[in-house]
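Take a look at the structure below.
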Amino acid sequence: MKEQSRKKATSHVSQKALRFTTRAVAYTALMTALVYVGTLVGYSGNLFYFNLGDSVILIAAALLGPVSGAIAGGLGAFLGDLTVYPVTMLFTLAIKFIEGLAAGLLFRIIYKKYDKCVCVPEDERGADYPLLKRKADVLKIVFSCLAGLLSTAIMFVGYFICQTFMYGTYAGAIVALPFDVAQGVISTAVAILCLYALKLENFRYKLKNK
């Protein structure tokens with residue numbers, strides 16, 4: 001009987017792990033496609049260019065974690081560059097991979113702290129729980145903004161190095177740097193709005209509890 005129970009428990013764990021892996025692969029593939037589309041969608045002007053690719057990378061990292069964020073970011077942006085500007089596609093693959101990985105690690109730390117603060121059984125919540133939760137919500141958003149800015153800093157520093165190498169001088173890279181910084185700031189703002197104002201972050205809980 002004990003052996004049968006152990007086999008059933010092992011089988012249940014294996015099936016659960018398989019379902020989790022299958023979902024992770026499917027969602028990572030979906031976010032990779034969205035990063036690709038986001039890289040191609042944006043605003044292009046004489047003095048400024050912005051696309052949604054970095055915003056999607058941050059969202060993927062927040063919802064799915066560092067591995068999925070890195071794969072979706074690197075591969076999706078690589079395919080985007082392959083489509084419109086192949087010269088930088090290998091640089092983009094490395095830069096966006098690291099950006100997604102860093103964002104996923106930072107968001108994981110933030111959410112681990114946040115969940116520890118707010119995921120308290122109802123019968124154990126004190127009278128000050130609503131206040132503590134509001135405080136935790138504010139801190140989560142603030143630190144998420146910082147996580148986004150730090151992650152996108154990898155992007156504009158990476159492209160500064162890339163452009164310096166390509167042009168053989170700092171001059172061209174310095175000209176492009178403010179626009180890459182603006183790309184990072186706007187991308188972070190868009191990602192944070194999608195995650196918290198539009199409550200896209202609720203999807204993280206659904207994934208976690210499936």
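The values are calculated or read from the model by the stated rules, or taken from the named source; none is laboratory data. The structure presented is a predicted model; accordingly, all values stated were derived computationally and were not measured. Neighbour counts run over all protein chains shown; Cβ positions are idealised from the backbone, glycine included.
Of everything in the stretch 154-171 that is small (Gly, Ala, Ser) and free of Cβ contacts under 8 Å to residues at least 40 places away in the same chain, the residue that is surrounded by the fewest Cβ atoms within 10 Å (Cβ to Cβ) is 168. Exactly one residue out of 114, 49 is in contact with a helix residue (DSSP H, G or I) (Cβ under 8 Å, 6 or more places away or on another chain), at pLDDT below 95 and closer than 23 Å to residue 205 by Cα: that is 114.
Identify all residues within the stretch 180-205 that are touching a Cys at 6+ places or on another chain (Cβ under 9 Å) and not in a helix (DSSP H, G or I); write none if there are none. Listed by number, the residues that qualify are 200, 201.
Just for the stretch 172-204: of the residues that are of a type in the set (Ser, Thr, Tyr) and crowded, with 19+ Cβ neighbours inside 10 Å, which one is farthest from residue 148 (Cα to Cα)? By that ranking, first place goes to 187. Does the stretch 163-179 contain at least one residue that is closer than 15 Å to residue 54 by Cβ, at pLDDT below 95 and not aliphatic (A, V, I, L, M)? Within the stretch 163-179 (the criterion being closer than 15 Å to residue 54 by Cβ, at pLDDT below 95 and not aliphatic (A, V, I, L, M)), the answer is yes, since at least one residue qualifies.
For residue 148, are the conditions met, namely being closer than 21 Å to residue 65 by Cβ and either hydroxyl-bearing (Ser, Thr, Tyr) or in contact (Cβ under 8 Å) with a residue 60 or more places away in the chain (or both)? Considered against the rule, which asks whether it is closer than 21 Å to residue 65 by Cβ and either hydroxyl-bearing (Ser, Thr, Tyr) or in contact (Cβ under 8 Å) with a residue 60 or more places away in the chain (or both), residue 148 comes out as yes.
Could you list all residues from the stretch 101-157 that are among the charged types (D, E, K, R) and closer than 30 Å to residue 183 by Cβ? 108, 112, 113, 137, 140, listed by residue number. If you go through the stretch 102-127 and pick out every residue that is in contact with a Gly (Cβ under 7 Å, 6 or more places away or on another chain) and among the acidic types (Asp, Glu), you end up with 0.
Being touching a residue at least 12 places away in the same chain (Cβ under 8 Å) and of a type in the set (D, E, K, R) narrows it down to one residue among 135, 112, 140, 116; which is it?
140
If you go through the stretch 116-129, how many residues are surrounded by 10 or more Cβ atoms within 10 Å (Cβ to Cβ) and within 18 Å of residue 196 (Cα to Cα)?
Selection size over the stretch 116-129: 2.
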